[in-house]
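First comes the structure, then the notes that go with it.
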Amino acid sequence: MRFSFMCKREKPEERIGKKVAIIGSGPAGLAATGYLACKGYYVTVYERLPYPGGLMVFGIPGFRIPKHRVLLGTKELEEVFGVEFKTSSKVIAGDAVQLIGDKYVKRKVPLENIIEEHDAILIATGTWIPRLPPAEGLDKKGVYTALEYLFYKRASELELKGIPRIELGKRVGVVGAGLVAVDAALEAIMDGHKVYLLSIEKPEEAPAGSYEIIKLIRKGARHIQRVIVKRVLGDGKVKAAELVNVHVKFEGFRIVELKPIEGTERVVELDSLIFAIGQKPTPPMKKEVLGIKLTRWGGIEVDDYNRTTRDKVFAAGDVAIGPSKVGRAVKSGLRAAYWIDRYLTNTL
Amino acid sequence: MKWKLLDIEKCIGCETCEHVCEFIHGVPYSMTVYTDELFALRIACFHCKNAPCVNVCPTKALKIDKEGFVVLRYFKCVACGLCATACPFGIPRLSPVTRTMGKCHACVERRAEGLNPACWEMCPSGAIMYGDMGEILLKILLKEKNAVTQRIIEKVT
């Protein structure tokens with residue numbers, strides 16, 4: 001991926017002596033970095049993980065997006081355009097939210113310092129908190145989230161040290177029917193585990209699409225549909241999951257009504273459970289600080305020009321538009337970069 | 001002679017090409033379409049060698065340029081829509097930006113500046129192939145050869 005696709009592979013002749021900070025280097029952050037670097041701004045990228053790339057490097061499996069394509073793009077930004085990548089540094093405002101991979105954070109940078117030092121700031125921190133269902137016994141060993149599992153796989157591919165091993169055991173239950181669930185299940189199958197896909201949706205209603213679900217079933221996964229996990233059984237470690245059938249009503253892909261049916265409980269023996277039922281946005285702050293308003297669902301409130309409620313601060317990517325695909329995040333980042341350029345040249 | 005093709009096996013349906021195209025041109029000339037099974041497929045102009053749209057255009061607005069891509073000259077287009085009817089894939093569409101027909105021209109203005117098509121530059125999975133015809137043919141042949149050998153190995157063992 002050449003993030004600086006708007007210009008040639010050479011240093012911009014004129015430099016605009018203005019500094020922009022990009023917080024988060026996922027698809028949105030990197031697309032914005034490329035656009036602004038082409039325009040000749042001094043760009044600094046803050047990333048809490050050891051490598052830039054966000055979920056493209058630390059989540060999505062390599063057979064979908066090869067890591068080297070993303071990392072080569074960031075390398076070009078660094079070497080040709082002089083973009084400064086500050087990896088392993090987490091930006092916080094007020095109380096920090098603990099996230100997956102915070103083990104690799106070496107520096108903590110307060111957001112107010114960044115706002116003071118730069119002429120414009122783009123927050124593109126994405127969605128890194130996995131949702132969990134209201135089930136009993138989720139504190140047992142062997143209950144993981146898909147993001148945790150995928151992060152572990154990617155980190156071990158990149159040979160990062162110090163990450164706790166994830167032992168899945170023989171039978172793995174993957175809860176969910178989205179693209180993240182499909183990726184986690186595929187990885188588990190490739191590792192030689194027996195996968196049970198537990199979902200509310202039938203294959204034809206799954207957000208990932210029946211093509212992906214049926215491909216999984218052909219590869220050896222068992223699909224148990226119209227169920228939710230009521231309780232995780234076992235003492236200390238997962239031994240089984242108690243499932244219950246549900247009545248469900250859809251509006252598009254959104255579930256509007258969900259009712260468990262009494263008396264349909266059954267127990268499926270499992271060694272571990274992976275939950276992949278959605279993600280929550282993770283802005284650098286927990287609640288409204290520095291005049292940056294949050295939305296009802298935890299993201300950052302933005303207007304049509306990607307501005308937040310505070311001057312100089314913009315937001316883009318999944319943290320502003322909700323969990324989506326790479327493409328929508330890229331577009332959001334590019335649009336935000338366009339408006340930042342207009343803002344800094346006083347034409348907004 | 002240059003080619004721009006899509007490797008369907010590598011495409012993950014992330015819609016990046018579509019959104020980057022829309023950002024640059026104002027309208028997406030590359031579309032991501034979904035089947036009933038939600039299998040995503042990127043559809044953009046195939047730049048046919050013997051293009052029906054070029055043959056049918058009454059004002060000669062559509063032509064094949066030096067590098068082998070079908071481009072539309074907006075100042076000649078009268079938006080009659082014949083090309084949309086002639087195209088087997090329904091690629092040319094009315095563009096609200098130029099108020100004429102619009103279609104993928106492999107970023108003709110970017111190529112004039114020495115840049116490459118934006119969708120190819122930004123594709124995360126490397127599904128879009130762009131370059132000299134020979135290079136791409138070689139890539140495809142190598143891939144096909146590998147696949148054939150794989151099939152033979154599977155049959156033998």
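The values are calculated or read from the model by the stated rules, or taken from the named source; none is laboratory data. Everything quoted here is computed from the prediction, not taken from an experiment. Every residue, glycine among them, receives a Cβ derived from its backbone with ideal geometry; neighbour counts consider all protein chains shown. Ligands, DNA and RNA are excluded from the accessible area calculation, which covers all protein heavy atoms including side chains. Shrake-Rupley method; radii C 1.70, N 1.55, O 1.52, S 1.80 Å.
Mind listing just one residue for me: the one in segment B:66-75 that is farther than 18 Å from B:ALA86 by Cα and open to solvent by 30 Å² or more (accessible area, probe 1.4 Å) and, of those, nearest to the other protein chains (Cβ to nearest Cβ)?
B:GLU67
Could you grab me the full set of residues in segment B:89-130 that are of a type outside the set (Val, Ile, Thr), more than 19 Å from A:SER4 (Cα to Cα) and surrounded by fewer than 18 Cβ atoms within 10 Å (Cβ to Cβ)?
The answer is B:PHE89, B:GLY90, B:ARG93, B:LEU94, B:PRO96, B:ARG99.
Need pairs with beta-carbon distance below 7 Å; first residue small (Gly, Ala, Ser) and within segment A:283-300, second assigned to a loop (DSSP other than H, G, I, E, B) and open to solvent by 40 Å² or more (accessible area, probe 1.4 Å); sequence gap 6+ or separate chains.
Here the result reads A:GLY291/A:THR309; A:GLY291/A:ARG310, each pair linking segment A:283-300 to a residue that is assigned to a loop (DSSP other than H, G, I, E, B) and open to solvent by 40 Å² or more (accessible area, probe 1.4 Å).
Of the residues A:GLY317, A:GLY327, A:GLY291, A:GLY322, which single one is more than 22 Å from the chain's Cα centre (by Cα) and of a type in the set (Gly, Ala, Ser)?
Only one candidate qualifies: A:GLY291.
Assess whether A:LYS108 counts as being on the phi < 0 side of the Ramachandran plot, out of contact with any Pro (no Cβ under 9 Å at 6 or more places or on another chain), open to solvent by 40 Å² or more (accessible area, probe 1.4 Å) and assigned to a loop (DSSP other than H, G, I, E, B).
It is false that A:LYS108 is on the phi < 0 side of the Ramachandran plot, out of contact with any Pro (no Cβ under 9 Å at 6 or more places or on another chain), open to solvent by 40 Å² or more (accessible area, probe 1.4 Å) and assigned to a loop (DSSP other than H, G, I, E, B).
Checking A:GLU242 against (1) in a strand (DSSP E or B); (2) acidic (Asp, Glu); (3) open to solvent by 30 Å² or more (accessible area, probe 1.4 Å), which single condition isn't satisfied?
Evaluating A:GLU242 over (1) in a strand (DSSP E or B); (2) acidic (Asp, Glu); (3) open to solvent by 30 Å² or more (accessible area, probe 1.4 Å) leaves (3) as the failure.
Out of segment A:64-89, which residues are open to solvent by less than 20 Å² (accessible area, probe 1.4 Å) and touching a residue at least 60 places away in the same chain (Cβ under 8 Å)?
If the condition is that a residue be open to solvent by less than 20 Å² (accessible area, probe 1.4 Å) and touching a residue at least 60 places away in the same chain (Cβ under 8 Å), then A:ILE65, A:VAL70, A:GLY73, A:THR74, A:LEU77, A:PHE81 are the ones that fit.
If I go through segment A:313-339 residue by residue, how many of them are away from chain B (no Cβ under 14 Å) and surrounded by 18 or more Cβ atoms within 10 Å (Cβ to Cβ)?
Qualifying residue count for the region: 5.
Hey, can you tell me all the residues within segment A:6-63 that are within 14 Å of chain B (Cβ to nearest Cβ), of a type in the set (A, V, I, L, M) and open to solvent by 30 Å² or more (accessible area, probe 1.4 Å)?
A:MET6, A:LEU55, A:ILE60, listed by residue number.
Determine which member of the set A:GLY209, A:GLY178, A:GLY126 is of a type outside the set (Asp, Glu), within 14 Å of another protein chain (Cβ to nearest Cβ), within 21 Å of the chain's Cα centre (by Cα) and open to solvent by 10 Å² or more (accessible area, probe 1.4 Å).
On inspection, the qualifying residue turns out to be A:GLY178.
Return the only residue of A:LYS103, A:LYS90 being away from every other protein chain (no Cβ under 12 Å), of a type in the set (D, E, K, R) and part of a strand (DSSP E or B).
A:LYS90
Name the strands (runs of 3 or more DSSP E) wholly inside segment B:1-65 in which the number of residues that are in contact with a helix residue (DSSP H, G or I) (Cβ under 7 Å, 6 or more places away or on another chain) and open to solvent by 40 Å² or more (accessible area, probe 1.4 Å) is 3 or more.
B:2-6
With the condition kept exactly as written, say whether any residue in segment A:19-41 is in a helix (DSSP H, G or I), among the polar types (S, T, N, Q) and more than 28 Å from A:ALA185 (Cβ to Cβ).
There is at least one residue in segment A:19-41 that is in a helix (DSSP H, G or I), among the polar types (S, T, N, Q) and more than 28 Å from A:ALA185 (Cβ to Cβ).
If you scan segment B:87-116, which residues turn out to be assigned to a loop (DSSP other than H, G, I, E, B) and among the hydrophobic types (A, V, I, L, M, F, W, C)?
Listed by number, the residues that qualify are B:CYS87, B:PHE89, B:ILE91, B:VAL97, B:CYS104, B:ALA106, B:CYS107, B:LEU115.
Any residue that is within 14 Å of another protein chain (Cβ to nearest Cβ), touching a Lys or Arg at 6+ places or on another chain (Cβ under 9 Å) and without any contact (Cβ under 8 Å) to a residue 60 or more places away in the chain - is there at least one of those in segment A:221-231?
Looking for residues that are within 14 Å of another protein chain (Cβ to nearest Cβ), touching a Lys or Arg at 6+ places or on another chain (Cβ under 9 Å) and without any contact (Cβ under 8 Å) to a residue 60 or more places away in the chain, one finds none in segment A:221-231, hence no.
Could you list all residues from segment A:182-233 that are in contact with a Ser or Thr (Cβ under 7 Å, 6 or more places away or on another chain) and among the acidic types (Asp, Glu)?
Within segment A:182-233, A:GLU204 is the sole residue that qualifies.
What is the one condition in (1) in contact with a strand residue (DSSP E or B) (Cβ under 8 Å, 6 or more places away or on another chain); (2) open to solvent by less than 10 Å² (accessible area, probe 1.4 Å) that A:ASP102 does not satisfy?
Going through the list (1) in contact with a strand residue (DSSP E or B) (Cβ under 8 Å, 6 or more places away or on another chain); (2) open to solvent by less than 10 Å² (accessible area, probe 1.4 Å), A:ASP102 breaks only (2).
Say whether the condition of being in contact (Cβ under 8 Å) with a residue 40 or more places away in the chain and on the phi > 0 side of the Ramachandran plot is met by at least one residue in segment B:122-139.
Yes, segment B:122-139 contains at least one residue that is in contact (Cβ under 8 Å) with a residue 40 or more places away in the chain and on the phi > 0 side of the Ramachandran plot.
Condition first: of a type in the set (A, V, I, L, M) and either at pLDDT 90 or above or part of a strand (DSSP E or B) (or both). Now tell me which residues in segment A:133-145 satisfy that.
Within segment A:133-145, A:VAL143 is the sole residue that qualifies.
Restricting to segment A:249-279, what's the tally of residues that are touching a Lys or Arg at 6+ places or on another chain (Cβ under 6 Å) and not in a loop (DSSP other than H, G, I, E, B)?
Selection size over segment A:249-279: 2.
Would you check if A:GLU204 is buried (at least 20 other Cβ atoms within 10 Å of the Cβ), within 14 Å of chain B (Cβ to nearest Cβ) and either in a helix (DSSP H, G or I) or of a type in the set (Asp, Glu) (or both)?
When the stated conditions are applied, A:GLU204 does not pass them.
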